[in-house]
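What follows is a short report on a single structure.
The values are calculated or read from the model by the stated rules, or taken from the named source; none is laboratory data. These numbers were taken from a predicted model, which means no experiment stands behind them. Don't worry about glycine lacking a Cβ; one is built from the backbone with ideal geometry, like all the others, and counts go over all protein chains shown.
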Amino acid sequence: MFSYHEIMTNRISGLHHVTAIAGPAQENLDFYSGILGLRLVKKSVNQDDPTTYHLFYADAEGHPGTDITFFPWADLAPRRDGYGLSTEVALAVAPGSLDFWGGRLARMNARISAIEERFGEKVLPFADPHGLRLALVESASSLGRPFVPWESSPVPPEHQIRGLEGARMVERELGETVAFLEEAFGFREIADEDGWKRYGVGEGVSGQYVDLQAAPNECRGAWGTGSVHHLAWRVADDAAQRDVREDVAKAGGQPTPVIDRFWFKSVYFREPGGVLFELATDGPGFAVDEAAANLGETLVLPPWLESSRPAIEAALPKLTPPTVR
Ligand code: ZN
């Protein structure tokens with residue numbers, strides 16, 4: 001059995017969070033918290049555009065690797081499919097959970113597809129209300145992950161989403177991206193099936209891989225509602241982040257300086273195929289500026305925006321907790 005301890009010797013230990021672009025914020029909250037049963041662990045604003053929320057959903061404690069976040073940009077056009085984008089986010093559930101989820105998502109009128117098998121695991125593809133492609137994966141290895149169920153979730157603890165399972169990326173061609181993942185991230189090929197190549201760290205189990213497909217005949221894709229904005233990868237601490245940042249630069253990437261996001265520190269760059277990546281530290285975590293029991297209940301602003309709080313709060317749409325179903 002794979003051990004999580006083992007992979008901490010690698011500098012990237014898996015996915016930290018995925019950030020995507022949503023439509024109206026209330027619809028986003030209703031879906032991710034009210035239907036998928038994730039906890040809203042942080043309600044903040046886009047630090048570059050404080051008229052827009054930044055909503056973070058995760059397990060009860062906001063463990064790194066359980067987190068999917070959104071910029072609700074209701075006025076943005078829908079994404080344009082094509083290469084150079086991450087095209088699907090996979091979420092881990094326990095084996096035997098897909099019957100529950102298929103029934104629940106159908107009852108809530110979510111857009112679901114037929115169950116598939118991928119790399120030996122059962123997968124339920126579906127989409128959120130704004131078109132973001134998602135997949136629930138019955139992942140045995142997810143049972144060994146740090147995960148705390150949320151007791152106020154409408155989803156029973158045994159079926160709750162246990163974290164990010166993986167993500168898909170579509171590229172014009174794979175060569176440069178693969179070389180980059182190997183050199184800068186220390187990834188290796190885990191498996192190859194049905195036109196998708198899986199690259200990851202360690203054994204490439206739950207939360208530790210990305211699936212790549214070449215689409216040389218498509219056009220370049222573009223961000224819009226329903227698209228992934230970036231994939232953030234876990235680094236243990238500032239020192240690991242500095243080391244990986246250097247390797248990214250050596251491999252030809254153009255990483256930003258370290259940016260303090262308070263709940264973690266971030267570095268951004270595009271991988272050679274165009275997908276925006278982030279390196280995010282595991283700490284200090286979401287409880288650094290709110291009590292763990294009250295995560296996500298009040299609007300949290302970075303210090304330099306505190307003086308503008310009344311104007312920011314007035315400009316943001318009101319959010320009400322989803323009706324539990
Ligand atoms: Zn991010």
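Of the candidates 176, 193, 218, 158, the single residue that is touching a residue at least 40 places away in the same chain (Cβ under 8 Å) and closer than 30 Å to residue 35 by Cα is 158.
Tell me, which residue of the range 72-103 that is among the aliphatic types (A, V, I, L, M) and under 30 Å from residue 315 (Cβ atoms) is surrounded by the most Cβ atoms within 10 Å (Cβ to Cβ)? Spell out how you get there, then give the answer.
At the first step, the residues of the range 72-103 found to be among the aliphatic types (A, V, I, L, M) are 74, 76-77, 85, 89-94, 98.
Subsequent filtering for residues that are under 30 Å from residue 315 (Cβ atoms) retains 74, 76-77, 85, 89.
On the way: 74: 15, 76: 18, 77: 10, 85: 24, 89: 22.
Taking the candidates together, the pick is 85.
Given the condition in a strand (DSSP E or B), of a type outside the set (A, V, I, L, M), surrounded by 16 or more Cβ atoms within 10 Å (Cβ to Cβ) and in contact (Cβ under 8 Å) with a residue 60 or more places away in the chain, answer yes or no: does some residue in the range 271-280 qualify? Yes; the residues of the range 271-280 include at least one that is in a strand (DSSP E or B), of a type outside the set (A, V, I, L, M), surrounded by 16 or more Cβ atoms within 10 Å (Cβ to Cβ) and in contact (Cβ under 8 Å) with a residue 60 or more places away in the chain. The set of residues in the range 158-199 being closer than 30 Å to residue 61 by Cα, among the acidic types (Asp, Glu) and surrounded by fewer than 19 Cβ atoms within 10 Å (Cβ to Cβ) consists of 158 alone. Within the range 151-180, being within 18 Å of the chain's Cα centre (by Cα) and farther than 15 Å from residue 84 by Cβ holds for 160, 161, 162, 163, 164, 165, 166. Kindly evaluate residue 106 against the criterion of being part of a helix (DSSP H, G or I), out of contact with any Phe, Trp or Tyr (no Cβ under 8 Å at 6 or more places or on another chain) and either surrounded by 18 or more Cβ atoms within 10 Å (Cβ to Cβ) or without any contact (Cβ under 8 Å) to a residue 40 or more places away in the chain (or both). It is true that residue 106 is part of a helix (DSSP H, G or I), out of contact with any Phe, Trp or Tyr (no Cβ under 8 Å at 6 or more places or on another chain) and either surrounded by 18 or more Cβ atoms within 10 Å (Cβ to Cβ) or without any contact (Cβ under 8 Å) to a residue 40 or more places away in the chain (or both). Against the condition in contact (Cβ under 8 Å) with a residue 40 or more places away in the chain and within 16 Å of the ligand (Cβ to nearest atom), how does residue 185 come out, does it pass? In short, no. Among the residues examined, residue 212 does not qualify as at pLDDT 95 or above, crowded, with 20+ Cβ neighbours inside 10 Å and part of a helix (DSSP H, G or I). Counting just the residues of the range 255-268 that are outside any loop (DSSP other than H, G, I, E, B) and in contact with a Ser or Thr (Cβ under 7 Å, 6 or more places away or on another chain), which one comes out nearest to the ligand (Cβ to nearest atom)? So, considering only residues that are outside any loop (DSSP other than H, G, I, E, B) and in contact with a Ser or Thr (Cβ under 7 Å, 6 or more places away or on another chain), the one nearest to the ligand (Cβ to nearest atom) is 268. Filtered by the rule that a residue be in a loop (DSSP other than H, G, I, E, B), away from the ligand (no atom under 15 Å from the Cβ) and over 16 Å from residue 224 (Cα atoms), the range 42-84 gives 59, 60, 61, 63.
When we screen 232, 222 for residues that are within 16 Å of the ligand (Cβ to nearest atom), out of contact with any helix residue (DSSP H, G or I) (no Cβ under 8 Å at 6 or more places or on another chain) and not basic (Lys, Arg), the only hit is 232. Given the criteria in contact with an Asp or Glu (Cβ under 8 Å, 6 or more places away or on another chain), closer than 23 Å to residue 60 by Cα, touching a residue at least 24 places away in the same chain (Cβ under 8 Å) and of a type outside the set (A, V, I, L, M), does residue 283 qualify? So residue 283 fits the description; yes. Total residues in the range 135-167 satisfying the condition of being over 11 Å from residue 95 (Cα atoms), assigned to a strand (DSSP E or B) and of a type in the set (A, V, I, L, M): the figure is 3.
Return a yes/no flag: does the range 297-319 have any residue that is under 18 Å from residue 59 (Cβ atoms) and either more than 16 Å from the ligand (Cβ to nearest atom) or among the β-branched types (Val, Ile, Thr) (or both).
Pass one, the range 297-319, residues under 18 Å from residue 59 (Cβ atoms): 297.
Subset that is either more than 16 Å from the ligand (Cβ to nearest atom) or among the β-branched types (Val, Ile, Thr) (or both): 297.
Yes, the range 297-319 contains at least one residue that is under 18 Å from residue 59 (Cβ atoms) and either more than 16 Å from the ligand (Cβ to nearest atom) or among the β-branched types (Val, Ile, Thr) (or both).
Only residues that are part of a strand (DSSP E or B) and closer than 18 Å to residue 111 by Cβ were counted across the range 10-41, and they come to 3. Filtered by the rule that a residue be touching a Lys or Arg at 6+ places or on another chain (Cβ under 8 Å) and either in a helix (DSSP H, G or I) or among the hydrophobic types (A, V, I, L, M, F, W, C) (or both), the range 281-325 gives 286, 295, 299, 300, 301, 319.
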